Amino acid sequence: MDQKNKDLDKFLNFLSGKSKKAAPTDSDSGDNVVKMAKKGPLNPKKYLSIVITLTVVFATAIIIFANVYIVKESEYAVVRQFGEVVKFERDPGLKMKIPFIQSVTRLPKNQMTYNISEEEINTKDKKRIIIDNYAVWRITDPKALISNAGTLSKAETRMEEFIYSVIRTELGQLRYDEIINDEKSSRGSINDRVTERVNELLQNDKYGVEVVDVRIRRTDLPAENEQSVFTRMISERESTAQLYLSEGDADKRRIEAQTDQQVQEMLATANKEASIIQAEGEAEAAKIYNKSFSQDPEFYSLYRTLESYKKTVGEDTVIILPASSPYAKILSGYLK
C-alpha cells in the first residue's frame, strides 16, 4: 500500500508541476525510476511581448514599403497633400512620401499622339466637310496640369476643344476647292497656324501642356453631298479637257497656216528663180540660133519653113495655096 501511495503522489505532483526528487530508499534503490526535472510555471506576458514586437516590426515595414515610390525615366511623379500639389519629381530614382497624408500621381514625360474626333465644318463658300486630324503633344508643367486640368484626360479634352475651334476658324476662311485641290491647297501653312494658336490658348489657361504639331489626316464630304460633288468635279474635268482640245486644235490650225504660207513662199521663190533661169536659157539659145543661122540665111529660111509645117500641117489639114508659092513648092518637095 505504501508503494501505491508514493506512485499516486508522484503523478499528482507531475500534473501540478511540483514534482520533486524523492529521496532514495532501500526499497527502490534497485528499481529503474524515471526522474523528472523540476519545471517552473508558464509566463504568458513573455509570449505576448514577442507577438507585439513582431507585429510592430511587420506594420512598420508595410508602412515604409507602401510610402516608397519609384520615378521612372519616362514619367513625372506629382506629389499631392490633401489634394494640393506640393512637389513633383523630374529625376528618376527612389523617392519617399509622408504616409497617409501624401499621394502620388504619375504623368508621362514623352511625346504622345492624340486622335481627335471627326467633326463637320463649313467652308467659306458654304460647303460642309468632315475633318479628321490628330495632334502630337507633351506635358511641360505637371504641377500646372494637375492644378488647373485635374487629370490627363481632362487636359486632352480641353486640347481637343481648342484644336477643333481653331481648325473651324481657319478652314472657314477658305473655299472648298482651295482645301481639297492639292495645287491650290494652303493646308501646309494651316497646320502651323493651328499649332501656334492652340498653344496660345493652352498657355493662357495654364494647362501645362504643349502641342508639338497638329495635322489634318483626311478631308471627307458628308455622304449626302458626295455624289453631287463628284458629278460637278467630272463636269469641271470635262470642261478642262475640252479647253485643252480646243487649244490644241487652234495650235494645229495656226501651225498648218504657217506651214502653208512657208510652202507658198518657197514655191513662189522657186518658180521665180526657174523663170529667170529659163528666160536666161532661151535668150542664150536665141543668141546661138541667130549666130548659127546668120552664117546661112537660106538654110535658116528652110528650117523656119519646116518648123511651121509641124504646127500647121496635120492629118486633116487642108491647105489651099498657089502652085507657084514657095511654101507650096517646098511642101511638094520642089526645092529649086
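All but one of (1) surrounded by 10 or more Cβ atoms within 10 Å (Cβ to Cβ); (2) farther than 30 Å from Ile179 by Cα; (3) modelled with pLDDT of 70 or more hold for Gln242, so report the exception by its number.
(2)
State yes or no: is Gly172 without any contact (Cβ under 8 Å) to a residue 24 or more places away in the chain, open to solvent by 20 Å² or more (accessible area, probe 1.4 Å) and of a type in the set (Gly, Ala, Ser)? Let's see the steps before the verdict.
Numbers: without any contact (Cβ under 8 Å) to a residue 24 or more places away in the chain: no; open to solvent by 20 Å² or more (accessible area, probe 1.4 Å): yes; of a type in the set (Gly, Ala, Ser): yes.
Considered against the rule, which asks whether it is without any contact (Cβ under 8 Å) to a residue 24 or more places away in the chain, open to solvent by 20 Å² or more (accessible area, probe 1.4 Å) and of a type in the set (Gly, Ala, Ser), Gly172 comes out as no.
Given the options Arg217, Arg237, Arg187, name the one that is modelled with pLDDT of 80 or more, within 24 Å of Lys127 (Cα to Cα) and either among the acidic types (Asp, Glu) or touching a strand residue (DSSP E or B) at 6+ places or on another chain (Cβ under 8 Å) (or both). Can you show your working first?
Values: Arg237 fails: either among the acidic types (Asp, Glu) or touching a strand residue (DSSP E or B) at 6+ places or on another chain (Cβ under 8 Å) (or both); Arg187 fails: modelled with pLDDT of 80 or more.
Testing whether each residue is modelled with pLDDT of 80 or more, within 24 Å of Lys127 (Cα to Cα) and either among the acidic types (Asp, Glu) or touching a strand residue (DSSP E or B) at 6+ places or on another chain (Cβ under 8 Å) (or both) leaves just Arg217.
Quick grid of which residues meet (1) assigned by the TED database to the domain that holds Tyr164; (2) under 28 Å from Trp137 (Cβ atoms); (3) at pLDDT 75 or above:
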{"residue": "Tyr47", "(1), (2), (3)": "no, no, no"}
{"residue": "Thr55", "(1), (2), (3)": "no, no, yes"}
{"residue": "Val71", "(1), (2), (3)": "no, yes, yes"}
{"residue": "Glu75", "(1), (2), (3)": "no, yes, yes"}
{"residue": "Gly83", "(1), (2), (3)": "no, yes, no"}
{"residue": "Pro92", "(1), (2), (3)": "no, yes, yes"}
{"residue": "Met96", "(1), (2), (3)": "no, no, no"}
{"residue": "Ile101", "(1), (2), (3)": "no, no, yes"}
{"residue": "Tyr114", "(1), (2), (3)": "yes, yes, yes"}
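Tally up the residues in the stretch 53-93 that are closer than 16 Å to Ser103 by Cβ and not in a helix (DSSP H, G or I), please.
Qualifying residue count for the region: 20.
Determine whether Asp205 is modelled with pLDDT of 90 or more and either not small (Gly, Ala, Ser) or not assigned by the TED database to the domain that holds Asp177 (or both). Spell out the reasoning first.
Details: modelled with pLDDT of 90 or more: no; either not small (Gly, Ala, Ser) or not assigned by the TED database to the domain that holds Asp177 (or both): yes.
So Asp205 fails the test.
Can you say whether Ser147 is touching a Lys or Arg at 6+ places or on another chain (Cβ under 9 Å), at pLDDT below 80 and either over 24 Å from Ala223 (Cβ atoms) or in a helix (DSSP H, G or I) (or both), as far as the supplied structure shows? Step through it out loud before you land on a result.
Values: touching a Lys or Arg at 6+ places or on another chain (Cβ under 9 Å): yes; at pLDDT below 80: no; either over 24 Å from Ala223 (Cβ atoms) or in a helix (DSSP H, G or I) (or both): yes.
For Ser147, the condition - touching a Lys or Arg at 6+ places or on another chain (Cβ under 9 Å), at pLDDT below 80 and either over 24 Å from Ala223 (Cβ atoms) or in a helix (DSSP H, G or I) (or both) - is not met.
Which members of the stretch 216-270 meet the condition of being among the hydroxyl-bearing types (Ser, Thr, Tyr), part of a helix (DSSP H, G or I) and either in the same structural domain as Arg193 (by the TED database) or within 30 Å of Asp132 (Cβ to Cβ) (or both)? Walk me through it before giving the result.
Step one: list which residues in the stretch 216-270 are among the hydroxyl-bearing types (Ser, Thr, Tyr), which gives 219, 228, 231, 235, 239-240, 244, 246, 259, 269.
Those still in the list that are part of a helix (DSSP H, G or I) too: 228, 231, 235, 239-240, 244, 246, 259, 269.
Those that are among the hydroxyl-bearing types (Ser, Thr, Tyr), part of a helix (DSSP H, G or I) and either in the same structural domain as Arg193 (by the TED database) or within 30 Å of Asp132 (Cβ to Cβ) (or both): Ser228, Thr231, Ser235, Thr240.
Residues to consider are Ile167, Ile121; find the one that is among the β-branched types (Val, Ile, Thr) and assigned to a helix (DSSP H, G or I).
Details: Ile121 fails: assigned to a helix (DSSP H, G or I).
Checking each option against the conditions leaves just Ile167.
Can you tell me how many residues within the stretch 259-303 are open to solvent by 90 Å² or more (accessible area, probe 1.4 Å), modelled with pLDDT of 90 or more and either touching a His at 6+ places or on another chain (Cβ under 9 Å) or of a type in the set (S, T, N, Q) (or both)?
5
Examine the stretch 59-75 for a residue that is in contact (Cβ under 8 Å) with a residue 40 or more places away in the chain, surrounded by 14 or more Cβ atoms within 10 Å (Cβ to Cβ) and in contact with a strand residue (DSSP E or B) (Cβ under 7 Å, 6 or more places away or on another chain), and state whether such a residue exists. Give the derivation first.
Restricting attention to the stretch 59-75, the residues satisfying the condition of being in contact (Cβ under 8 Å) with a residue 40 or more places away in the chain are none.
No, the stretch 59-75 contains no residue that is in contact (Cβ under 8 Å) with a residue 40 or more places away in the chain, surrounded by 14 or more Cβ atoms within 10 Å (Cβ to Cβ) and in contact with a strand residue (DSSP E or B) (Cβ under 7 Å, 6 or more places away or on another chain).
Mind checking whether some residue in the stretch 140-159 is more than 26 Å from Gln81 (Cβ to Cβ), open to solvent by less than 40 Å² (accessible area, probe 1.4 Å) and either in the same structural domain as Ile179 (by the TED database) or of a type in the set (Gly, Ala, Ser) (or both)?
yes
Being in contact (Cβ under 8 Å) with a residue 40 or more places away in the chain and under 24 Å from the mean Cα position of the chain (by Cα), is that true of even one residue in the stretch 151-158?
Step one: list which residues in the stretch 151-158 are in contact (Cβ under 8 Å) with a residue 40 or more places away in the chain, which gives 152, 155-156, 158.
Cutting the leftovers down to under 24 Å from the mean Cα position of the chain (by Cα) gives us 156.
Checked against the condition, which is being in contact (Cβ under 8 Å) with a residue 40 or more places away in the chain and under 24 Å from the mean Cα position of the chain (by Cα), the stretch 151-158 yields at least one hit.
The values are calculated or read from the model by the stated rules, or taken from the named source; none is laboratory data. It should be emphasised that the depicted structure is a prediction, and the values quoted were computed from it without experimental measurement. All Cβ positions, even for glycine, are placed from backbone atoms using ideal geometry, and neighbour counts span all protein chains on display. Accessible surface is based on the protein model in full, side chains and every heavy atom, while ligands, DNA and RNA are left aside. Shrake-Rupley method; radii C 1.70, N 1.55, O 1.52, S 1.80 Å.
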